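Contents: one structure, followed by commentary.
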Amino acid sequence: MPDSDAARRARPKVPTELIRKTEEVVRSKLHNESTGHDWWHADRVRSTAVRIAREESADAFVVELAALLHDVEDFKFSGSEDTGPRFAGDFLLSIGVAEQDANHVAEIIRNISFKGARVEPAPLSLEGRCIQDADRLDAIGAIGIARTFAYGGYKKRPIHDPDVAPVAHDSVRSYLDTKGTTINHFHEKLLLLRERMNTEFGRKLAEERHRFMEEFLAEFESEWSGER
Ligand code: NI
């Protein structure tokens, strides 16, 4: 795992040109994406991840690059766990990012995805933990709710079926192949994320978003049952 302290000491200023080129490729790949993994998701994750990185004294350059690239060629869509990390690593090398940083970004992207409630998470560097928190924060709260229904529609999942119970998935396959409902997805994944935040600051940001989702689900339930 790269030494973050040494990387930061050696990098007094973030190379903005490399960030700009990275934004450009991400924007071209994710522009108008309709499942909630669009350019604006990458942009929000980048902003939040960099905020968390500052609090955590992580390498902000690696965090920014990996946050921007984290959903390009994601395995949910490409069907391969290697495509995304390989694309990110090759792209960064092609624009002149140092090999150590390109490899670190590729490793982060390989390891940050959520793969089911009972699947053992991969070990992450400090920079990876910042991005994972930012990605999880974008999956909860008001934006998380909007993205969840967009993704559910893409996966042809019913919005809600009171006869279908939530499942704790114990393999990546079962998690990806689930035929469950979008409302169950809150119980199978989104409500678990607050407890899974890696950083103190991330946990703080998760509180309000978590509370908002609970409120939304309570309101949904009361409208559904005819109480309102
Ligand atoms: Ni993401």
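Taking each residue of region 29-45 that is aromatic (Phe, Trp, Tyr) and looking for partners that are open to solvent by 70 Å² or more (accessible area, probe 1.4 Å) with beta-carbon atoms closer than 9 Å, six or more apart or interchain, yields Trp39/Arg27; Trp39/Ser28; Trp39/Lys29; Trp39/His31; Trp39/Asn32. The set of residues from region 192-202 being in contact (Cβ under 8 Å) with a residue 24 or more places away in the chain and assigned to a helix (DSSP H, G or I) comprises Leu192, Arg194, Arg196, Glu200, Phe201, Gly202. If we keep just the residues of region 131-149 that are open to solvent by 40 Å² or more (accessible area, probe 1.4 Å) and among the aliphatic types (A, V, I, L, M), which is farthest from the ligand (Cβ to nearest atom)? My answer is Ala142. For beta carbons closer than 9 Å, sequence separation of 6+ or different chains, a first residue in region 204-228 that is open to solvent by 60 Å² or more (accessible area, probe 1.4 Å) and a second that is basic (Lys, Arg), the qualifying pairs are Glu207/Arg194; Arg209/Arg194; Glu219/Arg228. A single entry from Glu55, Glu81 fulfils the requirement of being touching a helix residue (DSSP H, G or I) at 6+ places or on another chain (Cβ under 8 Å) and closer than 18 Å to Asp138 by Cβ: Glu55. Of all residues in region 66-78, those that are more than 9 Å from the ligand (Cβ to nearest atom) and open to solvent by 10 Å² or more (accessible area, probe 1.4 Å) have Cβ atoms under 9 Å from Cβ atoms of residues that are of a type in the set (Ser, Thr, Tyr) and not in a helix (DSSP H, G or I), 6 or more apart or on another chain, in Glu73/Ser80; Phe75/Ser113; Lys76/Thr35; Lys76/Ser113; Phe77/Thr35. Quickly run through region 31-65 and pick out the residues that are in a loop (DSSP other than H, G, I, E, B) and either at pLDDT 95 or above or surrounded by 16 or more Cβ atoms within 10 Å (Cβ to Cβ) (or both). The answer is Glu33, Thr35, Gly36, His37, Asp38, Ser57, Ala58, Asp59.
One residue stands out among those in region 79-116 that are open to solvent by 20 Å² or more (accessible area, probe 1.4 Å), within 22 Å of Arg44 (Cα to Cα) and assigned to a loop (DSSP other than H, G, I, E, B): the one that is farthest from the ligand (Cβ to nearest atom), which is Lys115. Of all residues in region 117-130, which are at pLDDT 95 or above and away from the ligand (no atom under 14 Å from the Cβ)? Of everything in region 117-130, those that are at pLDDT 95 or above and away from the ligand (no atom under 14 Å from the Cβ) turn out to be Ser125, Leu126, Glu127, Arg129.
The values are calculated or read from the model by the stated rules, or taken from the named source; none is laboratory data. Because the structure is a prediction, the values reported are computed rather than measured. Reconstructed Cβ throughout: ideal geometry from the backbone, glycine too, with neighbour counts over all protein chains shown. In case anyone asks, the SASA skips ligands and DNA or RNA and just uses the protein heavy atoms, side chains included. Shrake-Rupley method; radii C 1.70, N 1.55, O 1.52, S 1.80 Å.
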